[in-house]
1. Would you pick out the residues in the range 276-309 that are charged (D, E, K, R) and either in a helix (DSSP H, G or I) or under 30 Å from Glu185 (Cβ atoms) (or both)?
2. Could you please find all residues in the range 207-222 being within 21 Å of the chain's Cα centre (by Cα) and either without any contact (Cβ under 8 Å) to a residue 40 or more places away in the chain or outside the structural domain of Lys298 (by TED's automatic domain parsing) (or both)?
3. Look through the range 44-73, keep the residues that are in a helix (DSSP H, G or I) and charged (D, E, K, R), and return whichever of them is surrounded by the most Cβ atoms within 10 Å (Cβ to Cβ).
4. Within the range 247-281, track down each residue that is within 15 Å of the chain's Cα centre (by Cα) and under 19 Å from Ala223 (Cβ atoms).
5. Starting from the range 283-309, take each residue that is not assigned by TED's automatic domain parsing to the domain that holds Lys219 and aliphatic (A, V, I, L, M) and list its partners that are part of a loop (DSSP other than H, G, I, E, B) and buried (at least 17 other Cβ atoms within 10 Å of the Cβ), counting only C-beta distances under 8 angstrom and pairs at least six apart or across chains.
6. Being at pLDDT 95 or above and in contact with a Leu (Cβ under 9 Å, 6 or more places away or on another chain) is true for just one of Leu27, Leu4, Leu60. Which residue is that?
7. Taking the range 73-110 only, how many residues are among the hydrophobic types (A, V, I, L, M, F, W, C) and touching a Gly at 6+ places or on another chain (Cβ under 6 Å)?
Amino acid sequence: MRILITTGIYPPKTSGPAQYAKNMEDLWRKMGHEVIIKTYTTENLLPTGFRHLWFLVKILPSVLRSEVIFSLDTFSVGFPSVLIAKILKKKVVIRTGGDFIWENYIERTGDMVLLKDFYKTRMNRFSFKDKITFSITKWTLSNTNLLVFSTSWQMNIFLEPYGLNKDKTYIVENHYDRKEKNNYEISIPKNRTFVAGARKLKLKNNILLQNVFDKEEIKSTGARLDINNAPFNEFVEKMRDAYAVIQASLSDISPHMISDAINLDKPFILTEENGLTDRIKDISIMINPKDENDIKEKILWILNEENYKRQVEKIRNFSFVHTWEEIAQEYITIFNRIK
């Protein structure tokens, strides 16, 4: 099968979609498929609209050669991918990532609204640009052959405002690597760094999180916050060496960083506004992303050595497996179904 992957971000840049694109590319090639990658480069320098048109022109030759387009967002690459697929009568599958409209609304306004409340309470505050983006996204999601979500949580948020046909949606969960069974003695890291590694976006809640780590109760323990990003392999090593991982975003649909922390048997603190709760609630330390005191108390809790050991033990016994290989095969099954 000839597959075109369109993604707004690709390694060496780090993000969930970047790693997703790279893993699918490598595995589908290993399975014998022909794979083409197209990603944003100079498009990032162009204003909205022009970048979509430029990307559409850029992918045109690859679309002509492809049997199916696999797009890794709903707007930046999703819209031009669906538009050209519609014109050329090609099949296209979109995997949703974050929520472009919600992210940009928060960046523009500073209104720290939770994703679950966004479409219910803020659509009357949309700017002209927000309204255009929403209309384009709604058209894109309605005209893709299949819309893949990583969580039912996000799917349920999207169904009503975007008028989605549930029969044209599908859930493919995040990856969870197969963990080796071992009985190593659990040791407490001397390094008391909490790795966040968040993009510099308001929704990532970095200012509130840093305020918590600046409190004397936290500072006196030697705990510190690391919000710096790094290439993927380097970032994984940062997590391995850290005391814990913390993700305090206003909302986070299915953070790959948490999947990676689980694979490392690394304790993590996670916003309660997420799509992974049903899968990982028994091994998670959940926080209210708007409550500094709750975040502070959960950090202090995991800094207790006995609590830390118990949390590592829970994560070590987590048995759910969903490998990249399984994910790659799921998509091939989907592609064959819509051909």
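The values are calculated or read from the model by the stated rules, or taken from the named source; none is laboratory data. Remember, it's a predicted structure, so these values are computed and weren't measured experimentally. Note that we place each Cβ from the backbone using ideal geometry, even for glycine, and neighbour counts take in every protein chain shown.
1. Once the filter is applied, which keeps residues that are charged (D, E, K, R) and either in a helix (DSSP H, G or I) or under 30 Å from Glu185 (Cβ atoms) (or both), the range 276-309 yields Asp278, Arg279, Lys281, Asp282, Glu292, Asp294, Lys296, Glu297, Lys298, Glu305, Glu306, Lys309.
2. If the condition is that a residue be within 21 Å of the chain's Cα centre (by Cα) and either without any contact (Cβ under 8 Å) to a residue 40 or more places away in the chain or outside the structural domain of Lys298 (by TED's automatic domain parsing) (or both), then Ile207 is the only one that fits.
3. Selected residue: Arg51.
4. Gln247, Ala248, Met257, Ala261, Leu270, Thr271
5. none
6. Only one candidate passes the filter, namely Leu60.
7. So the count comes out to 2.
Residue-wise test of (1) in contact with a His (Cβ under 9 Å, 6 or more places away or on another chain); (2) within 25 Å of Ala328 (Cα to Cα); (3) at pLDDT 95 or above.
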residue: Thr39; (1), (2), (3): no, yes, yes
residue: Asn44; (1), (2), (3): no, no, no
residue: Leu56; (1), (2), (3): no, no, yes
residue: Arg65; (1), (2), (3): no, yes, yes
residue: Ser71; (1), (2), (3): no, yes, yes
residue: Lys89; (1), (2), (3): no, yes, yes
residue: Ile106; (1), (2), (3): no, no, yes
residue: Tyr119; (1), (2), (3): no, no, yes
